[in-house]
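This is the structure, below, for whatever I ask next.
The values are calculated or read from the model by the stated rules, or taken from the named source; none is laboratory data. As the structure is a computational prediction, the values presented were derived from the model and not from experiment. FYI the Cβ positions are ideal-geometry reconstructions off the backbone, even for glycines, and counts take in every protein chain you see. To get the accessible areas, we keep the full protein, side chains included, count just its heavy atoms, and leave off ligands, DNA and RNA. Shrake-Rupley method; radii C 1.70, N 1.55, O 1.52, S 1.80 Å.
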Amino acid sequence: MSEFDSLIIGGGHNGLVCAFYLARAGHKVVVLERRSLVGGAAVTEEFYPGFRNSTASYTVSLLNPSVIQDMGLKERGLRFVKRPVANFLPLSDTSYLKVGGGLTQTQSQLRQFSIKDADTLPIYYQRLDAVADIVRTVSQQTPPKLSGGVVGLLRAAWDMRDLIRAPFEVKQDLYYLFTQSARQFLDRWFESDPIKAALGFDAVVGNYASPDTPGSAYVLLHHVFGELDGEKGAWGHAIGGMGAITQTMAQACTEIGVEIRTDAPVERVLIEAGIARGVILRDGTRIRAKRIASNVNPVMLYRDMIDPAALEPQFLRHIENYRCGSGTFRINVALSELPDFSCLPGREAAEHHQSGIIMAPSLEYMNQAYLEAQSNGFASKPIVEILIPSVIDSSLAPSGQHVASLFCQHFAPIRPDGKSWHECQQEAVEAIINTVTSHAPNFKDAILGMMVLSPLDLEERFGLIGGDIFHGAMTLDQLWAARPVLDYGDYRGPIKGLYHCGAGAHPGGGVTGLPGKNAAREMLRDPAP
């Protein structure tokens, strides 16, 4: 029977980050990944002969700079390319909006819709940046145990010291972002639909909710607290796809002594006298460890891997009510040529082909997509974001051809008609392809092949329950000290020796590496049980 100081369940990016920091501190560490490829949802795979793409996770910004530096990812060859403009929104056959490429350029684009909004934009950015700075700080801290009485409250106050010292307007903005809908928040600032759509899109990414849902404004904020090469809020592409990030992480881990085992699905966590002591793999192999960190969805951990008798009934009820399901549908497409947009014609690579192409011209469009998904299972006119990484990364497709990521909302995690997504995903695929083709008429005919991942496919392939890319809804009741369960936000589970190091822990989803880094810090603080 193998024995380790620390064992990580799940070889996604957070698991690899956690393993690295533990090994750097001298721990003997093993990472167990159920797939044959390490990286979790951040992997690059061939999906059609000669065409490779980031299979699920598809763009980079939130990966914390300290993780990049500490793991030596750039020194090991990892390269990022920033988008020349952040987003391109086709609005009609003749109208579009580009956001990014500098404030002046965005203001110039916006003036065609509203001079007032163009003048307001820099103030909005400054205010949002001030709030995002606070979130960046809090995201790297361990949430307190609020049951700790005065000590817990003092710890919470200390962690929030930047917020306490902030100007009133920053406190007000943060309060509104946590409590208001995306539409309410953006209506306070802007009058034109295009800019509200461009900014509000982030509020529904991975969030099965309407932009009118209270609290949806926070998801907007969560997507902007990252940075790329020192530029706050910037987004880009990892050369080689998202798998280049996790493969480089795996290299850093291996070089420091971490053992990574693939094709090693965990069947059960071993608990002895109320202490987590190891795991049993599906093939019966037993592996012992002094500490165990879970990088899988909390529901998967406590529902599937732990004997319910080992858990308090109240904790079990919380897990049973933990909300997962982001309504995400993912398609990877091999293309014979680039999309030729009616509003900005051209099949040669241009600036807008290198951006995030958002097909959702207004917040009302997004709201209707959500309402239709609730009643029919999916939106006939879904929200679609396209990225075409092969425009800047020739390693992904044959010369002259391209790959595209179609990241789509809203598709009910559990269909209201009771059908399985395996039975009826084709109608959803057609709705997505038709939506794109309505803006780029050559798109459908340019498709050579595709990989389709419904919410159920994402769950079965990557363990993303309900297709939830965040390992749980990013709402106030499931954030900070309440992620995954209130008073267990400090990365320690209810069983001694068991920790949370994945996106189901603070600060939540996205390719940040912070749950893994923060969890490792707490694991190293605790004496071995």
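Starting from a Cα-only point model with no solvent, please compute log10 I(q)/I(0) by Debye for the range 461-529 at q = 0.14, 0.21, 0.24, 0.25 1/Å.
The computed values of log10 I(q)/I(0) come out as -0.40, -0.85, -1.04, -1.10.
If you wrap the range 360-498's Cα atoms in a convex hull and average its projection over all directions, what's the area in nm²? Before the final figure, lay out the partial values.
Working: hull surface 47.5 nm².
Orientation-averaged projected area of the Cα hull: 11.9 nm².
Let me ask something else about it. Cα atoms only, the chain: Rg and Dmax in Å?
Rg, Dmax (Cα atoms, Å): 22.4, 69.
Provide the descending list of Cα extents for the range 223-299 along its principal axes, expressed in whole angstroms.
Over the range 223-299, Cα extents along the principal axes are 49, 25, 21 Å.
In what sequence, largest accessible area first, do ARG183, ARG323 appear using a 1.4 Å probe?
ARG323, ARG183
Kirkwood hydrodynamic radius for the range 34-143: how many Å is it when counted over pairs of different Cα atoms?
On the way: mean 1/r = 0.0558 Å⁻¹.
About 17.9 Å for the range 34-143.
Using a 1.4 Å probe on the protein chains only, how many percent of the accessible area of the chain belongs to carbon and sulfur? Don't skip to the answer; put the middle values down first.
Details: 10000 of 19740 Å².
The value for the chain is 51 percent carbon and sulfur by accessible area.
Would you kindly calculate the translational diffusion coefficient of the range 157-197, applying Stokes-Einstein with the Kirkwood radius from alpha carbon pairs, for 4 °C and a viscosity of 1.567 mPa s, and quote it in µm² s⁻¹ without decimals?
Working: Rh = 11.6 Å.
It diffuses with D of about 112 µm²/s by this estimate.
If I model a spin label at ARG282 and ASP133 as a point 7 Å from the Cα along the Cα→Cβ vector, what separation in nanometres do I get?
Result for the modelled spin labels: 4.9 nm.
Then there is this: If you take all C-alpha pairs in the range 420-491, what percent of them are over 15 Å apart? Write down the numbers at each step before the final one.
Details: 1727 of 2556 pairs.
Every Cα pair in the range 420-491 considered, those over 15 Å come to 68 percent.
Find how much the distance from ASN376 to THR179 grows on full extension, using 0.36 nm per residue of separation minus their present alpha carbon separation; answer in nm with one decimal.
That pair, ASN376 and THR179, stretches by 68.1 nm at full extension.
Right, here's the next one. Calculate how steeply helix 115-139 sits against the longest principal axis of the alpha-carbon atoms of the chain, using the helix alpha-carbon long axis, and give the answer as 0 to 90 degrees to the nearest 10.
That helix lies at roughly 10 degrees to the long axis.
Quick test of your reading: applying the under-4.7 Å Cβ rule, which cysteines of the chain are isolated?
Result for the chain is CYS253, CYS324, CYS343, CYS408, CYS424, no neighbouring Cys Cβ within the cutoff.
Right, something else. So with the 1.4 Å probe, I'd like the accessible area per residue for the chain, rounded to whole Å². Please report the intermediate quantities before stating the final value.
Working: 19740 Å² over 529 residues.
Accessible area per residue, the chain: 37 Å².
Can you pull a Stokes-Einstein diffusion coefficient for the range 425-464 at 25 °C (0.890 mPa s), Rh from Kirkwood over Cα pairs, as a whole number of µm²/s?
216 µm²/s
How many percent of the alpha carbon pairs in the range 183-272 exceed a separation of 18 Å?
Result for the distance tail: 66 percent.
Taking all pairs of different Cα atoms in the range 308-389, averaging 1/r and flipping that mean, what Kirkwood radius in angstroms comes out?
Mean inverse Cα-Cα distance, inverted, gives 16.5 Å.
While we're looking at this one, here's another question. Please get the size of the charge dipole for the range 289-430, origin at its Cα centre, with Cβ charges of +1 on Lys and Arg and -1 on Asp and Glu, quoted in debye to the nearest 20.
On the way: 10 positive and 16 negative charges, 119 e Å.
With only Lys, Arg, Asp and Glu charged at Cβ, the dipole is about 580 debye.
With axes computed from alpha carbons, what is the tilt in degrees of helix 13-24 against the longest principal axis of the chain, rounded to the nearest 10 within 0 to 90?
That works out to roughly 40 degrees.
Extent of the range 352-409 along each principal axis, from alpha carbon coordinates, in Å, largest to smallest?
Extents along the principal axes: 43, 20, 12 Å.
Of the cross-linked pairs LYS116/LYS232; LYS82/LYS232; LYS145/LYS496, which ones have a Cα-Cα span greater than 18 Å in the structure shown?
With Cα atoms farther than 18 Å apart: LYS116/LYS232.
Then there's this: For the chain, what does the relative contact order come out to in percent, with C-alpha contacts under 8 Å and a separation of six or more?
Reported relative contact order: 24 percent.
Is it possible to state the helix-based mean residue ellipticity at 222 nm for the chain, with each DSSP H run of 4+ residues giving -39500 (n - 2.57), the sum divided by total residues, to the nearest 500 deg cm²/dmol? What is it?
Values: 18 runs with 186 residues, N = 529.
Taking each H run of at least 4 residues, the total per residue is -10500 deg cm²/dmol.
Any idea what the relative contact order of the range 133-275 is, in percent, if you count C-alpha pairs under 8 Å spaced at least 6 apart?
Worked out over the range 133-275, it gives 16 percent.
Calculate the all-directions average of the projected area of the range 101-253's alpha-carbon convex hull, and give it in nm².
In nm², the orientation-averaged hull projection of the range 101-253 is 12.1.
Can I ask one more? On the principal axes of its Cα set, how long, how wide and how thick is the range 1-80? Give whole Å, largest value first.
Largest first, the range 1-80 extends 41, 32, 19 Å along its Cα principal axes.
In sequence order, what are the phi-derived ³J(HN,Hα) couplings for the range 52-63 according to the Karplus relation 6.51 cos²θ - 1.76 cosθ + 1.60 with θ = phi - 60°, rounded to whole Hz, with x for glycine and proline?
Values, residue by residue: 10, 7, 5, 5, 10, 4, 9, 8, 10, 6, 7, 4 Hz.
Please report how far the C-alpha centroid of the range 205-276 lies from that of the range 25-56, rounded to the nearest whole angstrom.
12 Å
Report, in degrees rounded to the nearest 10, the 0 to 90 angle that the Cα long axis of helix 421-439 makes with the longest principal axis of the chain.
40 degrees
So if each residue of separation counts as 0.36 nm, and I subtract the Cα-Cα distance between ASP119 and ARG79, what length gain in nm does that give?
Details: separation 40, 0.36 × 40 = 14.40 nm, distance 3.53 nm.
That pair, ASP119 and ARG79, stretches by 10.9 nm at full extension.
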